[in-house]
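So the structure is just underneath, and the comments pick up after that.
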Amino acid sequence: MSNIRAIRGMNDILPGETPYWQFLEQTVSRVLGSYGYAEVRLPVVEQTELFRRSIGEVTDIVEKEMYSFDDRNGESLTLRPEGTAGCVRAAMQHGLLNTVQRLWYAGPMFRYERPQKGRQRQFHQIGVESFGVASADMDAELIVLCARLWRELGIADSVQLQINSIGSPASRRAFRDALVHYLEQHVDALDADSQRRLHSNPLRILDSKNADTQALLDAAPALVDYLDDESRTDFAQLCDLLQAAGVPYVIDTRLVRGLDYYNKTVFEWVTQSLGAQGTVCAGGRYDGLVAQMGGRAVPAVGFAMGMERLVLLLRERGKPRAAAPAAHIYAVAAGRAAQRAALTAVETLRDELPQLVIVQHTGGGSLRSQMKKADKSGARVALIWGEEEVTSASVTVKRLREASGETAGAAQRRVPARELAATLCAEFADGQSDEG
RNA sequence: GUGGCCGUAGCUCAUCAGGUAGAGCACUGGAUUGUGACUCCGGAGGUGGCGGGUUCGAGACCCGUCGGCCACCCCA
């Protein structure tokens, strides 16, 4: 085996996997489309500055996880670590923000992290962003949309919704100061990671996994008590709408988000069945980001789903509905003349019966070995061309998966070439095209 | 960046007190010079992740390194 391997944390998605991805992509595209969201396709590379300014200088992503490099002209570029920044940039650049915009995108993101279950260096997200609506009914729309998506994907039982409000920047600042003030008096009781975060990113201490730290937080100032009136009423409205829509949720007052641009509503869909990386979808409001990037003040909400994590859930739930189609027909030919006849006949067949999956044997070999391939392809019918068929302008049609009990005589017959399409049409008329 | 576990054929794994590797599946040829599945016979495929050390001798022991998995951190 060659020394050249895929980069750590950047995985190949092989034929056994792609049906799950296709099912996911098709379902997402359909559901989002039905809510009036339009797909955008954005560059994978952006100016490094874009991410520094939007995600936040002191976040782990910007500090140590970005794949950055200098372009040939010396400009610093970065493989996007998340999608929102680029989406905002594109919307601003092309003047899409004069009206309400509902957008979505899907694609690879890059973060230099240690791989583990549900986490890799190149991973894929589906992002959904809404611009221009400040009220909580928009937040509700996004969450309800998620809930529908989980139902369509068949994983609704596996995920749980957690929501919170982190308030306006001003109220969060006030809370932050109070929290730091409180924790500074208990520094020694904090775990090492939380001590480090105390001044860099104190809000993150709230969702520390350390039990002692969590105990300490019980007596700490609570984010809820610092919320501004607007955040409070908007959050109440969101809860009310979710209730009306029948979407269950739990309020997690310690839920915060890692990226700087969030405000007000934040939410996460989490699962128990993915190990330590249980967040399958997360997002929130980011009303200040567009202005911060130099645009008008445009309110926005959005979220991102981790496709690898969703695929893991789909796999747990068994076969996807959009499986790769097994071959219906395998075409076999012995000899040069037969090969010519087979190729042209099969091409004609594809014109006449485009819904059939026809695999044409290539690579020669004995008829026997070709038939072995036919069997392994999973095809229900083999078409056989040999000398006799060529001279008599006919084809042998052989059933490979005869239901037990049927007469052996029906298993194989020779039909005139011009009747082939009609014969196969009848053969597959039951509509049961295939089963993996 | 830190920690734990692991690294033998394409895949799943085995072997032994340290004495130059084996099975199943998959692949392939044949048993039927025009026909698959079941069965039978044969074949190919491994520098035992890589490098060093101990030893008369190492896949098995030691060290290093690379890679994988999981966890911390962080996040989708």
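The values are calculated or read from the model by the stated rules, or taken from the named source; none is laboratory data. Keep in mind that what you see is a predicted model, and the values were worked out from it rather than measured. As a convention, Cβ positions derive from the backbone with ideal geometry for all residues, glycine included, and neighbour counts pool all protein chains shown.
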Item checked: Residue among A:Leu343, A:Leu289, A:Leu356 that is over 26 Å from A:Glu419 (Cβ atoms) and more than 9 Å from RNA strand B (Cβ to nearest atom) -> A:Leu289
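Can we say A:Asp193 is surrounded by fewer than 17 Cβ atoms within 10 Å (Cβ to Cβ), part of a helix (DSSP H, G or I) and within 13 Å of RNA strand B (Cβ to nearest atom)? It would help to see each step written out before you state the result.
Details: surrounded by fewer than 17 Cβ atoms within 10 Å (Cβ to Cβ): yes; part of a helix (DSSP H, G or I): yes; within 13 Å of RNA strand B (Cβ to nearest atom): yes.
When the stated conditions are applied, A:Asp193 passes them.
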Margin query: I'm checking my understanding of the structure. Among residues of the range A:57-105 that are within 13 Å of RNA strand B (Cβ to nearest atom) and acidic (Asp, Glu), which one is modelled with the highest pLDDT?
Written below: A:Glu82
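Say we look at the range A:202-218 and pick out the residues that are within 34 Å of the chain's Cα centre (by Cα) and of a type in the set (Gly, Ala, Ser); which of these is farthest from A:Ala192 (Cα to Cα)? Please lay out each step first, then the result.
Taking the range A:202-218 first, the residues within 34 Å of the chain's Cα centre (by Cα) are A:202-211, A:213-214.
So of that shortlist, the ones also of a type in the set (Gly, Ala, Ser) come out as A:208, A:211.
On the way: A:Ser208: 11, A:Ala211: 13 Å.
My answer is A:Ala211.
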Next item on the list: Working carefully through the options A:Leu103, A:Leu96, find the one that is farther than 25 Å from A:Asn11 by Cα, hydrophobic (A, V, I, L, M, F, W, C), without any contact (Cβ under 8 Å) to a residue 40 or more places away in the chain and in the same structural domain as A:Tyr35 (by TED's automatic domain parsing).
Entry: A:Leu96
Notebook entry, point to check: Going through the range A:1-29 one residue at a time, which ones are assigned to a helix (DSSP H, G or I) and in contact (Cβ under 8 Å) with a residue 12 or more places away in the chain?
Noted result: A:Thr18, A:Pro19, A:Tyr20, A:Trp21, A:Gln22, A:Phe23, A:Leu24, A:Glu25, A:Gln26, A:Thr27, A:Val28
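Within the range A:308-315, identify whether any single residue is buried (at least 16 other Cβ atoms within 10 Å of the Cβ), β-branched (Val, Ile, Thr) and assigned by TED's automatic domain parsing to the domain that holds A:Asp157, and answer yes or no. Working first, answer last.
Of all residues in the range A:308-315, those buried (at least 16 other Cβ atoms within 10 Å of the Cβ) come to A:308-314.
Filter once more, keeping what is β-branched (Val, Ile, Thr): A:311.
Restricting the remaining residues to those that are assigned by TED's automatic domain parsing to the domain that holds A:Asp157 gives A:311.
Yes - at least one qualifying residue is present in the range A:308-315.
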Notebook entry, point to check: So A:Gln237 clears everything in (1) under 30 Å from A:Ile155 (Cα atoms); (2) crowded, with 17+ Cβ neighbours inside 10 Å; (3) not hydrophobic (A, V, I, L, M, F, W, C) except one condition, right? Which one?
Noted result: (2)
Next item on the list: State whether one or more residues within the range A:209-224 are among the charged types (D, E, K, R) and assigned to a helix (DSSP H, G or I).
Entry: yes
